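Beneath this line is the structure, given in C-alpha cells, with notes to follow.
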Amino acid sequence: MSGQAATQVTGDDAARDDSGTPETIIRARNLSVHFPIGGGLFTKKLFLRAVDGVDLNIPQGSFFGLVGESGSGKTTLGRAFLRASPITTGEVEYHDDEVSYDLVNLGKEQLKDYRRRAQLIFQDPYAALSPRMTVRDIIAEPLEVMEITSSREETDEVVRTIASKCRLNLEHLRRFPHAFSGGQRQRISIARALVCNPRFVVADESVAALDVSIQADILNLLKSLQNDLGLTYLFISHDLSVVAHITDHVAVMYLGRLVESAPTRKLFSAPGHPYTQALLSAIPSLDPDHRGAAQKLEGEIPSPTRPPPGCKFHTRCPYATEICSEQEPVLQPVGDEHEVACHHWKEIGGG
Amino acid sequence: MSLLKVDNLTLQFDTDEGRILAVEDVSFEVNPGEILGLVGESGSGKSVTAKSVMQLNPENAVYDPGSKITLNLDSGSVDILSLKKAKDMEIVRGGAVSMIFQEPMASFAPAITIGAQMVEQLLLHKEISQQEAARVSVEMLERVGISDAEHRFNQYAFELSGGMRQRAMIAMALSTSPRLLIADEPTTALDVTIQAQVIDLMKDLVAEYGMGIIFITHDLGVIAQTADRVAVMYLGRLAEQGSVRDVIQRPAHPYTRGLLNALPKLENLDAPLTPVPGDIPSPLERPSGCVFHTRCSMSEPRCQQAVPSMVDVYEGHRAACFVTTAQEPGA
C-alpha cells in the first residue's frame, strides 16, 4: 500500500544520490540536535544531546511511527524535520513530486515554501487553539499568513472543504473552541494543519490527550485523510498499541539514538533490540489471567546530559556484557527493512 | 465487613450556570486487601466520587441527603459525610485514608524537603518522636524501591526523576499505614516501563499491608493487570460493576463493550478500531433516561424515558441497561 503514490517519479530526480530511494520523503543522515546547557568561558561547555547521529528514511505515503520514553528525543527529532529545532550537524533532505530541499541549508523563500509542505498536529487540543478566535478563523489563519489564497471567498471555500473532510460543519465554524469536546477540538487542529495542503505531517502524541472512545475516531480520521490527500505521516507516540494499529513502519528511540527500525508487524512479532522487547512486554495486557508476565526493566532512562558510554541502554539491559559499556553499536540490517543497533542481536533477537 | 461502603452517593456542584449533577446514585464497596478499579472517561465523575470519600471536593459541592459514605475502622464506623469540621476529618485525611495523584510534583511542596514533609504528617497522625518519624520515613522510602533513601530524604521534589517522585509520593501516602488508599490515575503520566514498576509495587504493598485501594484510571489494560473488581462510570452514573474477569471478558453494558472495542489490541492488529459514536454530552445537557442513550447503538425508545437500575447479570456482576439485562422500565 504505502509506496504506491510515488511510483510515477521520473528522471528529473537525478539529483538524488543512490542511497535514498526515490520514494523517500525525508532522508536524514547522521542528524544531531544538541542544546547548550551552560558551562562556557572557563569551564567545558555542556551539551544536551537530544538527538545524536540519527539515520532515518521516511518513505512517501507511509504512516511512519516513532516511539520511545519521555526524554528519548522523539519530539525533538520530529521538530528537526520541520525545521523547528536547530540542526547541529548532519544532513536532512526532503523530496516530494514537485521539489527537493536540503533542509539544513534552506533559503528564505524555500523555507517559506517548506512551511506549507510540512505541518505539525499538536498533542493538546485544548492548548493549541486560541480561545478568542472562531473555528473558521483558526483554520483560515495559515492560509492568510502564508498568503496562499487571494480573497476572502477563496479562503472560505478552502476552509469549508477541509473542515468537511474533518467532519466539521458550517455551524461549527462560527463557534469558539470552548464549545467543543476534546475529540472535536482535535479535528479542528487537524483541519488547521491540513488546510494549506501539506505533503508531510508530523503528528506528535496527537491522540494521547483523548479518551479511548474518541481516540479510535481520530485515528480512523487520520488514516482516511491520508488516503484522501496522499499524506505522509510521522506519528510520534509513547502508546505502543496505538502505534501497532495505525503505522506501517516503526522506529524506536532511546536517549537520542535509534535502536531499532522495522516494518510494524515485524517489530511487534519479532522485536530485535532488548529495549524494544522490554517496551513491548511492559504494555499492560487486557487479559486479567495474564498478569505479571512482563519482563520488567529496572531503573529509568538516564539523563541525556550525562549519557552512559558505549551502548546507551547498557545500564538497564539484562543482556549487557563488557563490550556494551565500551563500544556504541550501530544500526545494522538484520532482515528485510529491519535494522537493530545491538551487539548481541544474534543471540537475543527474533522475539 | 467491608472497609468502605458508599450508598446512593449523589452530588451536585453549585455554579453560575446552575446546579450541575456530577455524581448520581453511585453505590459500591471496597473490602480490605481489595483493589477496586474505577474506570471512566474524563467527565464521568470518577475523581469526584473518590474525593467525596475524603470530602476533598470544593465548597460548592452539595451532597444529596440520601448519600452515605461509611468507613469501617477497627475503632468503629465513621459516617464521613456527617463530619463537618476540618478537625473531625483528621482521622480520615492522611490517617485512615490516603490519596495519591497523577502529578506527583503537585503533591509535594517545592521548597520543603521530601523528608520534612513525610515527618510532618507522621507527627500529625501518630504519637511518635521526631527521630522515630524520620526512621519510619527512610524505611518507607526504601520499601518503595528508592535507592540511597537517606540521601533522597534530604532532597527536594524537583531533584527526583518522574518515576522516583511517584514512588516517593506512594511512600509518603503509605507511611501512616492507611486502611484505604485512593490512587487517582497514578500511572497515567509515566512511561510504560515505569508504569509496570509502579503497578508491581502497588500490588506488593496491598499484599503486605492488606489495605483497600480505589484505583482510578481510564486505562482498561492497567485495570486488567491490577484490579480485583471494576466499576465503570459514565456521566456520573455507574454503568457496570463486577469482577475484573467478568467485566472485561463478558461486558454487559453497551458502554463497556464500546470502550473495549475502541481499544487497540496487540493480539489482533487487523481488527478495526471502533469508536464509541458521538461525544460525551456536556454535564449541562444531561440526556434524559439512560445517560448513555445518545451514543448507544442498542438504544430503544424506553431508554430515553426511564433510568435503568443496576441489576444482577451474573452473581456479583451488575449492569444498568434495559436492553442487555432484560429489565422493564419502572420495575
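Quick check: convex hull of the Cα atoms in chain A, volume per residue, rounded to a whole Å³?
Values: hull volume 59.3 nm³, N = 351.
Measuring per residue, one finds 169 Å³ for the Cα hull of chain A.
Carbon and sulfur together cover what percent of the accessible area of the protein assembly as shown at a 1.4 Å probe radius? Could the numbers behind the result be given before it?
Details: 14720 of 29450 Å².
The nonpolar share, carbon plus sulfur, comes to 50 percent.
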Rough spin-label spacing in nm, given labels placed 7 Å along Cα→Cβ, for B:Glu300 and A:Asp102: 7.2
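What shape does the stretch A:26-152 have by the C-alpha gyration tensor, where a ≥ b ≥ c are the square roots of the eigenvalues, rounded means a/c under 1.5, and otherwise prolate means a/b greater than b/c and oblate the rest? Display every interim value, and only then the final one.
Details: a/c = 1.80, a/b = 1.46, b/c = 1.23.
Prolate is the answer for the stretch A:26-152, as a/c is 1.5 or above and a/b outweighs b/c.
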Selection from A:Pro177, A:Pro309, A:Ala191 lying farthest towards where the dipole of chain A points positive, charges on Cβ: A:Pro177
Once the convex hull of the alpha carbons of the stretch A:97-224 is built, what does its volume come to per residue, in cubic angstrom? 120
Give the percent of DSSP beta bridges with both residues in chain B that are antiparallel, rounded to the nearest 5. 60
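Filter the GluC sites (Glu not before Pro) in the stretch A:254-320 down to the DSSP loop ones having no more than 14 other Cβ atoms within 10 Å, then list what survives. It would help to have the intermediate numbers written out before the result.
Numbers: sites: A:Glu260, A:Glu298, A:Glu300; in loops: A:Glu298, A:Glu300.
Here the GluC sites (Glu not before Pro) that fit, given the DSSP loop and packing criteria, are A:Glu298.
Using packing as a proxy for protection, rank A:176-186, B:306-316 so that the peptide with the highest average count of other Cβ atoms within 10 Å comes first.
Values: A:176-186: 19.2, B:306-316: 15.8.
Packing order, densest peptide first, comes out as A:176-186, B:306-316.
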Looking only at lysines whose Cα falls under 19 Å of B:Lys51's and that sit 8 or more positions away or on another chain, we get B:Lys5, B:Lys68, B:Lys84, B:Lys85, B:Lys87
Rounded to the nearest 20 Debye, what is the dipole magnitude of chain A about its Cα centre when Lys and Arg each give +1 and Asp and Glu each give -1 at the C-beta? 1020
Peptide A:105-112 - average C-beta neighbours from other chains (10 Å radius): 0
Accessible surface ranking that places the most exposed of A:Arg79, A:Arg187 first, with a 1.4 angstrom probe: A:Arg79, A:Arg187
Among the stretch B:43-75, those whose backbone N falls under 12 Å of a label point 7 Å along Cα→Cβ from B:Asn8 are B:64-69
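Averaged over peptide B:186-192, how many Cβ atoms belonging to another chain are found within 10 Å of each residue's Cβ? All intermediate terms of the calculation are to be shown ahead of the outcome.
On the way: counts 0, 1, 1, 1, 4, 11, 15.
Average neighbour count from other chains, rounded to a whole number: 5.
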Principal axis extents for chain B, Cα atoms only, whole Å, descending order, please. 66, 50, 40
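Let me know the shape class of the stretch B:259-331, please: from the alpha-carbon gyration tensor, a ≥ b ≥ c as square roots of the eigenvalues, rounded when a/c is under 1.5, otherwise prolate if a/b is greater than b/c, or oblate. Walk me through the numbers on the way to the answer.
Values: a/c = 2.51, a/b = 1.39, b/c = 1.80.
It is oblate, given that a/c is not under 1.5 and a/b is not larger than b/c.
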Angle between chain B longest axis and helix B:130-143 axis [Cα atoms, degrees, rounded to 10]: 50
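Just from its helices, what would the mean residue ellipticity at 222 nm be for chain B, if runs of 4 or more DSSP H residues each count -39500 (n - 2.57) and the sum is divided by every residue, rounded to the nearest 500 deg cm²/dmol? Intermediate results must be reported in sequence, preceding the final value.
Values: 12 runs with 104 residues, N = 331.
Value at 222 nm, helices only, nearest 500: -8500 deg cm²/dmol.
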For all pairs of alpha-carbon atoms in the stretch B:67-155, what percent lies in each bin of width 10 Å, listed from the first bin to the last filled one? 14, 39, 31, 15, 1
Calculate the dipole size of the stretch B:167-317 relative to its Cα centre from +1 charges on Lys and Arg beta carbons and -1 charges on Asp and Glu beta carbons; express the result in debye to the nearest 20. 320
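May I ask you to give the average projected area over all directions of the convex hull of the Cα atoms of the protein assembly as shown, in nm² rounded to one decimal? Write out the running numbers ahead of the final one.
On the way: hull surface 137.1 nm².
So the Cα hull casts an average projection of 34.3 nm².
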Give me the accessible area of B:Lys265, 1.4 Å probe, in Å² rounded to the nearest 10. 60
Rounded, prolate or oblate for the stretch A:165-251? Axes are the square roots of the Cα gyration tensor eigenvalues, ordered a ≥ b ≥ c, and the cut-off for rounded is a/c under 1.5. oblate
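Based only on the alpha carbon positions, what is the Kirkwood hydrodynamic radius of the stretch A:233-351, in angstrom?
Numbers: mean 1/r = 0.0669 Å⁻¹.
Across the stretch A:233-351, the inverse of the average 1/r is 14.9 Å.
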Taking Cα pairs under 8 Å and at least six residues apart, what relative contact order does chain B come out at, in percent? 19
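Counting only helical runs of four or more DSSP H residues, what would the 222 nm mean residue ellipticity of chain A come to if each run contributes -39,500 (n - 2.57) and the total is spread over all its residues?
Working: 12 runs with 109 residues, N = 351.
Dividing the helical sum by the residues of chain A leaves -9000 deg cm²/dmol.
Could you work out the relative contact order of the stretch A:220-308, using alpha carbon pairs under 8 angstrom and six or more residues apart, expressed as a whole percent? Intermediate results must be reported in sequence, preceding the final value.
Working: 64 pairs, mean separation 16.7, N = 89.
In percent, rounded to a whole number, it is 19.
Assign unit charges at the C-beta atoms only (+1 for Lys and Arg, -1 for Asp and Glu), then state the dipole size of the stretch B:26-117 relative to its Cα centre in Debye, rounded to the nearest 20. The partial results should precede the final answer.
On the way: 7 positive and 10 negative charges, 46 e Å.
Its charge dipole is roughly 220 debye.
Taking every DSSP beta bridge that has both residues in the stretch B:64-194, what percent is antiparallel when rounded to the nearest 5? Spell out each step's value before the answer.
On the way: 4 of 9 bridges.
Of the beta bridges lying entirely in the stretch B:64-194, close to 45 percent run antiparallel.
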Note down the nm distance, to one decimal, between modelled labels 7 Å out along Cα→Cβ at A:Thr134 and at B:Val307. 3.9
Taking chain A and dividing mean pair separation by its residue count, relative contact order in percent (alpha carbons under 8 Å, at least six apart): 18
B:Ile112 versus A:Asp156, label points 7 Å from Cα toward the beta carbon: distance in nm? 6.0
Could you put B:Lys84, A:Lys266, A:Lys45 in order of accessible surface area, largest first, with the 1.4 Å probe and the full protein assembly present? B:Lys84, A:Lys45, A:Lys266
If each part is reduced to its alpha-carbon centroid, the stretch B:134-162 and the stretch A:205-226 end up apart, in Å, by 39
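Please average, across the residues of B:193-206, the number of beta carbons from any other chain that are within 10 Å of each residue's own beta carbon, and give a whole number. Walk me through the numbers on the way to the answer.
On the way: counts 14, 7, 3, 11, 7, 0, 6, 3, 0, 0, 2, 0, 0, 0.
Other-chain Cβ atoms within 10 Å of each residue's Cβ, averaged: 4.
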DSSP beta bridge pairing in chain A, given as percent antiparallel to the nearest 5: 60
With just the Cα atoms defining each centre, how far is the stretch B:51-93 from the stretch B:265-319? Give it in Å. 31
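I'd like to compare B:139-147, B:317-325: which one has the highest average count of other Cβ atoms within 10 Å, and what's the full order after that?
Ranked by mean Cβ neighbours within 10 Å, highest first: B:317-325, B:139-147.
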Dipole of chain A [Lys/Arg +1, Asp/Glu -1 at C-beta], most positive-end residue of A:Leu103, A:Gln332, A:Leu143: A:Leu143
Kindly flag which residue pairs out of A:Lys296/B:Lys203; A:Lys74/A:Lys266; A:Lys266/A:Lys296 have an alpha-carbon separation exceeding 25 Å in this structure. none
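The values are calculated or read from the model by the stated rules, or taken from the named source; none is laboratory data. Keep in mind that what you see is a predicted model, and the values were worked out from it rather than measured. Because the Cβ atoms are built from the backbone with ideal geometry, glycine has one as well, and the counts that use them run over all protein chains shown. Side chains included, ligands, DNA and RNA excluded: accessible areas come from the protein's heavy atoms. Shrake-Rupley method; radii C 1.70, N 1.55, O 1.52, S 1.80 Å.
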